[in-house]
Amino acid sequence: MKILLLGSGGREYALALKLRASATPVELVSAPGSDALAELGQRVELDLEQPASVAEWCALHHPDLVVAGPEVPLVAGVADAVRALGIPCFGHDAATARLEGSKAFAKDFMSRHGIPCAASHTVSDLATGEALIGSWSHGFPIVLKADGLAAGKGVVLAQSEAEALDTFRAFMAGQFGDASRTVVFEAPLVGMELSLHVLVDVDADHAAYALLPACQDHKRIFEQDRGPNTGGMGAFGPLPFLHSGDIERMRVDLVQPTVRGLQKDGLTGRGVLFLGVMWTAKGPELLEYNVRFGDPETQVLMQLLDEDLAALLLEVAEGRLASRDLKLKPHTAIAVVLAAEDYPEGARKGVSITIGNPQATLIHAGTRKQDGQWLTNGGRVLNLATSAPDLAAARAVIEASLPEVHWPGMQVRRDIGLKALRHAEAGRTVQDPW
Ligand code: AMP
Ligand code: GLY
């Protein structure tokens, strides 16, 4: 099966490894890919923001399946353009991708379909927003979200009225271009955050979905969740204290109304939805939709999934998914990010990486190869990923692997999964204070 994989990071590298391990023989082409992805298949230079660029290549080379990694191509309409050629695409249409591409659209969708989420106001003019901040009654922080895509930087938790005003004015002045000229204000939700991925295959007369194990990301750069937010410094899953009743609750409260909502609204689903969930005192509430796999959550999920990934993604892309339990290894998986010096403010590039022989799987995210030597080439450089019978054992494999990979200035969190492990060891449940 010839597969065109769109993207270039750790998520795509993990997908590529899994696709190549499929029982179905896979010929992999990545675009724009990376030096590391080039070692797993062919690499082509395509402009993922231009659906025509991808469609042109597809019309010439006839892949059996296109798999979209990041959200930007989907919001731009790449999946529509590929499907228009009669080529299956794992990835949502532009209309459905608005669930990630517009926070205001997503909030409307949630409220229309009765999905529990934070109270919100959508504002597109300065005076209304300033008045809203002046009369804010939902407590602090005031959550401000740029409506459109802002490379993960469009959400600010303002701790004071003054900070909210500054943020709001900067957004309205075009800090993220048109993406921030509409702003969603949200009441703060307090609780434990988790990532729930669901494969969805929905159209007018078919609605199927399959849950992947719930994971937890660690967004702050430093241990104990201190320091600035990053794209994610490590993840693990499933959560040891999340029981089948808890999963059932998320299925009933969040997933089913989402799938039914897509169908009622005449939207198609042909990919994954990644629900950002906050488990509050009232139960699970939806923070956001992503129309793509999470990074580094994918690195965890690919360790756990015991399926022929190429066949599974093609099932979704061709609208043949049947709602079912996916085959999973009875393990806990963990992915730890090795990040560059200066990340997340910047990223020191071009530093030589020493790679020994780690027991954990080495996943390339932001590297490049020069004269046979791997160099840092992005913020999140490498991941170590593994699975083991339980979380403690998986953490131990990572600990044993860490000395095998290093470079000057490398940043790593060694507490991935530790808070959850302590929570579980203390006999606490998801409903207990986090
Ligand atoms: P989002 O891109 O909407 O997921 O927001 C980024 C991060 O901001 C989330 O992962 C949460 O940690 C945090 N966040 C978003 N919305 C809220 C909220 N209503 N209350 C508290 N934290 C939030
Ligand atoms: N790890 C969070 C994300 O992919 O958005």
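Bear in mind that the values in this text are calculations on the coordinates, not laboratory data. This is a predicted model, so every value here is computed, not measured. Note: ideal-geometry Cβ built from the backbone for every residue, glycine included; neighbour counts use all protein chains shown.
From the helices alone, meaning DSSP H stretches of at least four residues, give me the mean residue ellipticity at 222 nm for the chain, per-run term -39500 (n - 2.57), in deg cm²/dmol to the nearest 500. So the calculated ellipticity at 222 nm is -8000 deg cm²/dmol.
Our compactness index for region 288-410, the C-alpha radius of gyration over the empirical 2.2 N^0.38 Å, is 1.22. For the chain, averaging the sequence separation of C-alpha pairs within contact (under 8 Å, six or more residues apart) and dividing by the residue count gives a relative contact order of 16 percent. Across region 17-22, coupling constants 3J(HN,Hα) worked out from phi with the 6.51/-1.76/1.60 Karplus curve, θ = phi - 60°, read 4, 5, 4, 6, 8, 5 Hz, and Gly and Pro carry x. Note on the chain: with a GNM built from Cα contacts shorter than 10 Å, the maximum mean-square fluctuation among Ser180, Ser102, Ser135 falls on Ser135. Reported value for the chain: 138 Å³ per residue, from the convex hull of its C-alpha atoms. Looking at region 1-94, the GluC sites (Glu not before Pro) that sit in a DSSP loop and have at most 10 other Cβ atoms within 10 Å of their own Cβ are Glu45. Dividing the radius of gyration of the alpha carbons in region 78-177 by their Kirkwood radius gives 1.07 for Rg/Rh.
Under the classification rounded if a/c is under 1.5, otherwise prolate if a/b is larger than b/c and oblate if not, where does region 229-340 fall, given a ≥ b ≥ c as square roots of the Cα gyration tensor eigenvalues?
Taking the square roots of the gyration eigenvalues as a ≥ b ≥ c, region 229-340 is rounded.
I need the trypsin sites (Lys or Arg not before Pro) found in region 393-422, filtered to DSSP loop residues with at most 16 other beta carbons within 10 Å of theirs. Sites meeting the loop and neighbour criteria: Arg414.
Residue-normalised convex hull volume from the C-alpha trace of region 38-101: 81 Å³ per residue. How far is the Cα center of region 305-329 from the Cα center of region 157-180, in Å? Taking the Cα centre of region 157-180 as reference, the centre of region 305-329 is 41 Å away.
Ordered from longest to shortest, the equivalent ellipsoid semi-axes for region 121-266 are 31, 22, 15 Å, each the square root of 5 times a Cα gyration tensor eigenvalue. For Pro51, neighbours were defined as the other residues whose beta-carbon sits under 13 Å from its Cβ, and their charges (Lys and Arg +1, Asp and Glu -1) total -4.
Net charge around Glu193, counting only other residues with Cβ within less than 13 Å of its Cβ (Lys, Arg = +1; Asp, Glu = -1)? Taking every other residue near Glu193 into account, the sum is -2.
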